[in-house]
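Below is one structure; the comments refer to it alone.
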Amino acid sequence: MAEEKLPTRNENYSEWYNQLILRAELADYAPVRGCMVVRPYGWSLWENIQQTLDRRFKETGHTNAAFPLFIPMSFLEKEKEHVEGFSPELAVVTIGGGEKLEEPLVVRPTSETIIGTMYAKWIKSYRDLPVLINQWGNVVRWEMRTRLFLRTLEFYWQEGHTAHATAEEAEEETRRMLGVYTDFAVNEAAVPVIPGRKSNTEKFAGAARSYTIEAMMGDTRALQAGTSHNLGQNFAKAFEIRFLDQANELQYCWTTSWGLSTRFIGAIIMTHGDDQGLLLPPRLAPIQAVIVPICRNDAERALVMPVVEKVRQQLAAFRIKVDDRTEVTPGFKFNDWELRGVPLRIEIGPKDVEKGSVVLARRDIPGKEGKRFASQDQLAAQVGALLDEIQANMLERARAFRDAHIFEPKDYADLKDIVQNGWALAWWCGSAECEAHIKDETRATTRCIPLDQPGGSGRCIYCGEPASEKVYFARAY
RNA sequence: CGGGGUGUAGCGCAGUUGGUAGCGCACCGCGUUUGGGACGCGGUGGUCGGCGGUUCGAGUCCGCCCACCCCGACCA
């Protein structure tokens, strides 16, 4: 294959990230600037993310639907903050079928406006509420600087859009979905995110309140990994989403929207990857275990392959790949599958055939340490237990890394220092001025006001005024 | 949008004062190999990013354009 070694994370973190994606065949650069091709291995990972999220959406009462890719320009202009937030990054279609269009069409950057328009049409009565719809799709935002998965012109995501009769219900929904994202991140992806509220400057354009799950990457930078917005009545008023309540009075709805994108794949890569390559959480990995047969010649092959097949059948409940390539050596395959992040490797050679064993090699523990013999009997149970253990270990390790890089600054000088290589959890007065100063001086932004607050009060880390909440400051992607 | 860089085989690159387009990897064939990134031999593969100019002759010199990557400001 190409160059053998990946750059290490210490040498060049972003180069490590890019090359890892290309070499593991998660994605490739498309012929269009800023766009990516999600390759089958990467898409398969996304499908697993979709499945597990979609199940959670259904369990919380949502259904899927599909809205158009094109949105009339005038729709976006109806909500002031929204259009201000998004207009710099819109792709606009002005010609269709060779004719100049009467009204330009925006390629959706997000679908609040078109979905809001439809909700206005559909919702008449309190009996129609709540409306709980999710959409899986792609959106386009014309970003200046792009990076595979983290920020591409086109990306894939889901966007949930709901409408409610009361402010309380909308807030409850917003928080519920934040909880769904948190649960997904922690329990499926082993990414120990911190759920919290966005500051006013960081919130979604047009939202009353935005919530986020923030993840710490391997270089300690923060990544917004999913968001849930309480839109208040902003969009309902802009799009006339109204209903008659039980007292026969016309009321505006309270709406929410929430989304999680292919960016999350970037979060997985940068949370778990090491200098050997990718490490995928067993619950999401397209391949949970790879079987590598080891045989020197045809005679050994004839001996080993039937056992490989038998083992494969025993493990039918798992996502298994048999690497039966003959043109590369086992050593090559070991490195190859480690690069691709397969959590468990099963080696089967002549010695194993003789002893009725296999070798189980954990991806999360490199080298001999992670290797051990296992009996071919009860292999499914052993593999299941081991995958669970790997999943748990990955979460624990990521959490330990995160916690080791979170500090509570004593003063502003301390904060400046901390955000060079970690997150600072500090009292903040809530003013945009302090936030802006800190950003200018340190490049760190407020990531979130964690739901989990220490209580009490303190003094703003910047201005010293009274503060009632703590916030995370960090440099972010 | 500002700064930097690069365009030559699928990928990474070399190509001297202008003179028949080259190397490594990958790929194909044969043979030996195979429990931590094998090796030998033989092959396939090119509008040198584009357009124009100078010249007997341009990958190389000149001009214009395009694309992509990296670093900043902005963003999921």
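The values are calculated or read from the model by the stated rules, or taken from the named source; none is laboratory data. Given the structure is predicted, the values throughout are model-derived calculations rather than measurements. All Cβ positions, even for glycine, are placed from backbone atoms using ideal geometry, and neighbour counts span all protein chains on display. To get the accessible areas, we keep the full protein, side chains included, count just its heavy atoms, and leave off ligands, DNA and RNA. Shrake-Rupley method; radii C 1.70, N 1.55, O 1.52, S 1.80 Å.
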- [ ] Consider only pairs whose beta carbons are under 9 Å apart and that are at least six residues apart or on different chains; among these, list those whose first residue lies in segment A:331-356 and is more than 6 Å from RNA strand B (Cβ to nearest atom) and whose second residue is acidic (D, E).
- [x] A:K333/A:D323; A:W337/A:D323; A:R340/A:E25; A:P343/A:D364; A:R345/A:E338; A:V353/A:E300; A:G356/A:D377
Open item on the list: So, in segment A:166-218, exactly how many residues are assigned to a helix (DSSP H, G or I), under 17 Å from the mean Cα position of the chain (by Cα) and either more than 16 Å from RNA strand B (Cβ to nearest atom) or not hydroxyl-bearing (S, T, Y) (or both)?
Closed with: 9
Task: Top-ranked residue in segment A:411-437 [being in a loop (DSSP other than H, G, I, E, B), over 13 Å from A:C460 (Cβ atoms) and touching a residue at least 60 places away in the same chain (Cβ under 8 Å); ranked as farthest from the chain's Cα centre (by Cα)] - done: A:N421
Task: Enumeration of residues in segment A:155-211 that are open to solvent by 30 Å² or more (accessible area, probe 1.4 Å), touching a Ser or Thr at 6+ places or on another chain (Cβ under 8 Å), of a type outside the set (F, W, Y) and more than 29 Å from A:S431 (Cα to Cα) - done: none
TODO: Would you check if there is a residue in segment A:360-374 being modelled with pLDDT of 95 or more, open to solvent by 80 Å² or more (accessible area, probe 1.4 Å) and more than 15 Å from RNA strand B (Cβ to nearest atom)?
DONE: no
TODO: Take the residues in segment A:56-74 that are aromatic (F, W, Y) and open to solvent by less than 40 Å² (accessible area, probe 1.4 Å), then tell me which one is nearest to the chain's Cα centre (by Cα).
DONE: A:F57
TODO: State all residues of segment A:421-460 that are exposed (fewer than 15 other Cβ atoms within 10 Å of the Cβ) and among the hydrophobic types (A, V, I, L, M, F, W, C); if no residue qualifies, say none.
DONE: A:A432, A:A436, A:L451
Task: Which numbered condition A:Y13 fails, given (1) near RNA strand B (Cβ under 10 Å from one of its atoms); (2) of a type outside the set (A, V, I, L, M, F, W, C); (3) open to solvent by less than 70 Å² (accessible area, probe 1.4 Å); (4) more than 19 Å from A:G218 (Cα to Cα) - done: (4)
